[in-house]
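Take a look at the structure below.
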Amino acid sequence: MFTFLALMPILTVFILLVVLRLPAKYAMTASYLVTALLALFVWHAGAAQVAAATANGIIVALTILFIVFSAILLLNTLKESGAMLAIRRGFMDITPDRRVQAIIVAWLFCSLVEGSSGYGTPSAVGAPLLLALGFPAMAAVMVVLIIQSTPVSFGAVGTPLLLGVWSGIDNKQDLADSIQPLSISDYLLQITANVGLFHALIGVLIPLILSAFLTRFFGEKKSFVEGLKVWPFALFAGICFTLPYYLVAKYLGPEFPSLVGGFIGLLIIVPAAKRGFLMPKEIFDFGPRESWDQDWLGTLAQEDFDNSVAPKFSVLRAFSPYAIVIGLLIITRVIEPLQTFLTGDSTTIV
């Protein structure tokens with residue numbers, strides 16, 4: 001009985017959002033009310049505790065909204081300046097194949113962003129970029145969420161693993177005694193290597209899975225096979241990310257596997273795609289925009305990007321704002337005094 005009651009908030013979201021397909025604002029509000037009522041009348045939490053948890057949730061939501069706001073602001077700035085058109089042309093010069101574009105942007109670029117920042121930033125940055133390339137909004141969101149798997153454990157310069165390991169240790173001295181002759185730093189490196197190996201073995205297949213889902217749900221033929229035809233290039237892209245990813249995890253630690261994997265992967269895959277290495281013979285594209293399901297569309301129309309002012313600068317210059325963002329994110333996480341200054345005065349409500 002209590003297990004069912006504990007599942008009620010999640011079941012409420014599932015029924016309202018997935019089954020009844022109500023807007024998220026209604027489903028999540030209903031889930032919140034169910035959670036609050038259960039906390040008060042079933043789990044006997046105090047009203048002050050529920051209020052504090054609510055305030056904490058609002059603060060977390062505002063943090064996420066700030067990330068999304070910044071990503072959309074950057075997108076609109078690039079669109080109005082004509083930089084997004086330069087980026088679009090740059091990707092089209094690499095390949096017009098949507099499967100390959102998704103692999104490059106979602107699998108490699110978004111993994112690099114995940115490694116440097118985390119906290120949902122890859123989705124906020126990558127999905128608008130794919131939208132600008134001509135992807136349906138839902139397809140763009142789907143592919144960037146699929147890759148939120150392999151790079152996540154080492155996202156935000158290793159924060160999930162570092163925080164997860166250290167927060168799970170009650171007594172470091174007892175741990176140090178139990179893992180002899182390993183030191184705690186060697187023990188952490190061993191955990192990192194095991195996590196990296198597990199993710200790398202599965203991660204090789206993620207670009208292929210991404211491609212298959214893209215063609216199955218957004219292609220005219222609605223076929224998994226069409227996506228699987230890109231298997232040589234997809235597996236190559238998977239290896240180009242996961243091999244340096246694992247080596248960094250094994251020998252250097254948890255801070256940079258996703259970041260280095262994404263960066264080295266881009267350095268290899270983009271020139272390879274330009275030269276047609278392991279590229280599919282048949283080009284895949286979405287059907288005419290008029291045939292797209294209304295559920296695929298977002299609030300930004302494709303015409304918003306096509307009518308941009310013709311760029312007068314290179315693709316490299318157009319990409320420079322993204323490079324600056326990634327650079328700043330890395331700096332704030334690897335320079336300890338700066339990281340302490342930015343995060344040290346936080347207040348915990350619950």
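Distance cut-off 20 Å, Cα to Cα: go down the list K79/K281; K229/K274; K25/K79 and report the pairs above it.
On the way: K79/K281 32 Å; K229/K274 18 Å; K25/K79 29 Å.
Exceeds cut-off: K79/K281; K25/K79.
How would you order 313-325, 262-274, 121-133 from highest to lowest mean count of nearby Cβ atoms within 10 Å? Each step should come with its number before you reach the end.
Details: 313-325: 14.5, 262-274: 19.0, 121-133: 24.5.
Per-residue mean Cβ counts within 10 Å order the peptides as 121-133, 262-274, 313-325.
Return a whole-number percent for the relative contact order of region 82-343, with Cα pairs under 8 Å and 6 or more residues apart as the contact set. Write out the running numbers ahead of the final one.
Numbers: 363 pairs, mean separation 82.2, N = 262.
Worked out over region 82-343, it gives 31 percent.
Candidates [x] 35, 28, 21; [y] 27, 25, 18; [z] 35, 25, 17; which is the computed semi-axes √(5λ) of the Cα gyration tensor in Å?
After the calculation, the listed value that fits is [x].
When the chain is fully extended, how far beyond the present Cα-Cα distance does W231 get from S320, taking 0.36 nm per residue of separation?
Details: separation 89, 0.36 × 89 = 32.04 nm, distance 3.14 nm.
Length gained, W231 through S320: 28.9 nm.
Do the sum for the chain: with -39,500 (n - 2.57) for every DSSP H run of n ≥ 4, divided by all residues, what is the mean residue ellipticity at 222 nm, to the nearest 500 deg cm²/dmol? If you can, show how the numbers build up before the last one.
Details: 18 runs with 240 residues, N = 350.
Per the formula, -22000 deg cm²/dmol.
What's the exposure ranking of L74, L62, going from fewest to most Cβ atoms within 10 Å? Working shown, then result.
Numbers: L74 20, L62 11.
Going from sparsest to densest Cβ surroundings: L62, L74.
Once you place label points 7 Å from the Cα toward the Cβ at V18 and H44, how far apart are they in nm?
Each label point lies 7 Å from its Cα, and together they span 3.4 nm.
Coordinate-derived values only; no laboratory data. Since this is a predicted model, take the numbers as computed values, not measurements. Cβ coordinates were reconstructed from backbone atoms using ideal geometry, including for glycine residues, and neighbour counts include every protein chain displayed.
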